[in-house]
Amino acid sequence: ENYHAVLTENRKLFNELQELKGNIRVFCRVRPFLPGQGAPDTVVEHVGEDGELVVTNPTRPGKDGLRQFRFNKVYSTNATQAEVFSDIKPLVRSVLDGFNVCIFAYGQTGSGKTYTMTGPDGASEEDWGVNYRALNDLFKISQSRKGNINYEVGVQMVEIYNEQVLDLLSDDISQKKTLGILSTTSQNGIAVPDASMYPVTSTSDVITLMDIGLQNRSVGATAMNERSSRSHSIVTVHVRGKDMKTGSVLYGNLHLVDLAGSERVDRSEVKGDRLREAQHINKSLSSLGDVIFSLASKSSHIPYRNSKLTQLLQSSLGGRAKTLMFVQLNPDATSYSESMSTLKFAERVSGVELGAAKSSK
Ligand code: ADP
């Protein structure tokens, strides 16, 4: 029927546009309903194996309320952490071949960004998110290549809060330093020269570093003011590899970014600190969108300088660098409008915009 014809047409358009765009991949992950939530109405109508997502407007049941999206991948709510990581493993490993890679998690607070990047609180190895798995994988592969290519793997963790960059691996937890960003990144991509950097040579190093970073991230946060949702956290893995035969040296870096919550804040309802936070978050998320969009549309001017986030990630966005964005969604009907704004952001950065999934002609 018509609906299917439109889907097929959109699919063709998507594949054509896919050829034109840059190095950004968009993976969409819908978090499951949480225990105790009962069975609220869902807006996620359909998750297709070929990267298709159909969302329905709860106030407009029927065909007219359907909106279709396509991304490089769409996960069903029961996708495991291991499945998700296995899809991005090649990207992570390309860092050891000298590529710069950025992996983001974008979405409203509570949509599963931290779950995807870090895992649930006190995660066992099975529940580990991307950060643990990536660090662990990189150090293991680097060990296995020893003798042929000798690698050094170093890790930094910073947080951007109100346009200030703070060191999450600093010794003195109570005194988080505000850091400067190098305007031009050095060859090895160290964009934040003052942030502590630690080597990773074992799984226990990975766990220790993640623990310190997570602890530092929550310093200063009260229950009422969950700061982690209002700041961007960035784990950066710096890799230096020396080819033992030729003596040549390669550099690669991986940025793992858990972005601040993307929810819109009603300006008439917040004041003071909360308004300032909201404005900074808005500005940095829209700057990120602008940079990725400019790259995808091959614009001659890329507006990296509009936020600390894009400044810091500049060497890893564009050029030969590879970008992947996890777009996180809440499945419930009450999140419909936030989910739509998340999906519109995702469409924009992926450079592919599709029409409504309703019958035409
Ligand atoms: P965010 O970082 O976007 O604010 P969280 O990662 O904290 O969201 O997720 C909100 C809640 O949902 C947490 O309790 C988390 O453990 C749970 N959650 C998120 N994604 C999943 C998932 N894929 N499977 C099971 N629980 C999840």
Notebook entry, point to check: From the list 26, 101, 92, which one is among the β-branched types (Val, Ile, Thr), part of a helix (DSSP H, G or I) and under 15 Å from the mean Cα position of the chain (by Cα)?
Noted result: 92
Notebook entry, point to check: Can you name every residue in the stretch 293-305 that is assigned to a helix (DSSP H, G or I) and modelled with pLDDT of 90 or more?
Noted result: 304, 305
Next item on the list: Filter the stretch 108-163 down to residues that are part of a helix (DSSP H, G or I), in contact with a Lys or Arg (Cβ under 7 Å, 6 or more places away or on another chain) and more than 16 Å from the ligand (Cβ to nearest atom), then give me how many there are.
Entry: 2
Next item on the list: Return yes when residue 357 is surrounded by 20 or more Cβ atoms within 10 Å (Cβ to Cβ), part of a helix (DSSP H, G or I) and either in contact with a Lys or Arg (Cβ under 8 Å, 6 or more places away or on another chain) or modelled with pLDDT of 85 or more (or both) and no when it is not.
Entry: no
Notebook entry, point to check: Among the residues of the stretch 214-226, is there at least one that is closer than 21 Å to residue 156 by Cα and touching a residue at least 60 places away in the same chain (Cβ under 8 Å)?
Noted result: yes
Margin query: I'd like the full set of residues that are assigned to a loop (DSSP other than H, G, I, E, B) and under 23 Å from residue 32 (Cβ atoms), limited to the stretch 62-89.
Written below: 71, 72, 76, 77, 78, 79, 80
Item checked: Residue satisfying all of: in the stretch 306-351; small (Gly, Ala, Ser) and in contact with a Pro (Cβ under 9 Å, 6 or more places away or on another chain); modelled with the highest pLDDT among these -> 339
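The rows are residues; the columns are (1) farther than 13 Å from residue 326 by Cβ; (2) surrounded by fewer than 19 Cβ atoms within 10 Å (Cβ to Cβ); (3) at pLDDT 90 or above.
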site	(1), (2), (3)
43	yes, no, no
49	yes, yes, no
86	yes, yes, yes
90	yes, yes, yes
105	no, no, yes
115	no, no, yes
121	yes, yes, no
124	yes, yes, yes
130	no, no, yes
Notebook entry, point to check: If you go through the stretch 261-301 one residue at a time, how many are without any contact (Cβ under 8 Å) to a residue 60 or more places away in the chain, within 16 Å of the ligand (Cβ to nearest atom) and in contact with a Lys or Arg (Cβ under 7 Å, 6 or more places away or on another chain)?
Noted result: 1
Item checked: Check on residue 167, modelled with pLDDT under 95, buried (at least 20 other Cβ atoms within 10 Å of the Cβ), over 14 Å from residue 237 (Cα atoms) and more than 16 Å from the ligand (Cβ to nearest atom) -> yes
Note to self: Any residue in the stretch 303-332 that is crowded, with 24+ Cβ neighbours inside 10 Å sitting within a Cβ distance under 8 Å of a residue that is of a type in the set (D, E, K, R) and in a strand (DSSP E or B)? List the pairs, counting only those 6 or more apart or interchain.
What the structure shows: 323/25; 325/25; 326/29; 327/29; 328/29; 329/29
Item checked: Filter result for residue 297 (surrounded by 15 or more Cβ atoms within 10 Å (Cβ to Cβ) and of a type in the set (Ser, Thr, Tyr)) -> no
Margin query: Being in contact with a strand residue (DSSP E or B) (Cβ under 7 Å, 6 or more places away or on another chain) and either surrounded by fewer than 19 Cβ atoms within 10 Å (Cβ to Cβ) or closer than 20 Å to residue 324 by Cα (or both) is the filter here; which residues of the stretch 67-78 pass it?
Written below: 69, 70, 71, 72, 73, 74, 75, 76, 77
Notebook entry, point to check: What number of residues within the stretch 259-280 satisfy the criterion of being among the aliphatic types (A, V, I, L, M), crowded, with 19+ Cβ neighbours inside 10 Å and assigned to a helix (DSSP H, G or I)?
Noted result: 1
Margin query: Just to be sure I understand, how many residues within the stretch 48-107 are more than 16 Å from the ligand (Cβ to nearest atom), under 18 Å from residue 31 (Cα atoms) and free of Cβ contacts under 8 Å to residues at least 12 places away in the same chain?
Written below: 1
Margin query: Of everything in the stretch 263-285, what is closer than 21 Å to residue 157 by Cα and not acidic (Asp, Glu)? Give them in sequence order.
Written below: 280, 281, 284, 285
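The values are calculated or read from the model by the stated rules, or taken from the named source; none is laboratory data. Because the structure is a prediction, the values reported are computed rather than measured. Note: ideal-geometry Cβ built from the backbone for every residue, glycine included; neighbour counts use all protein chains shown.
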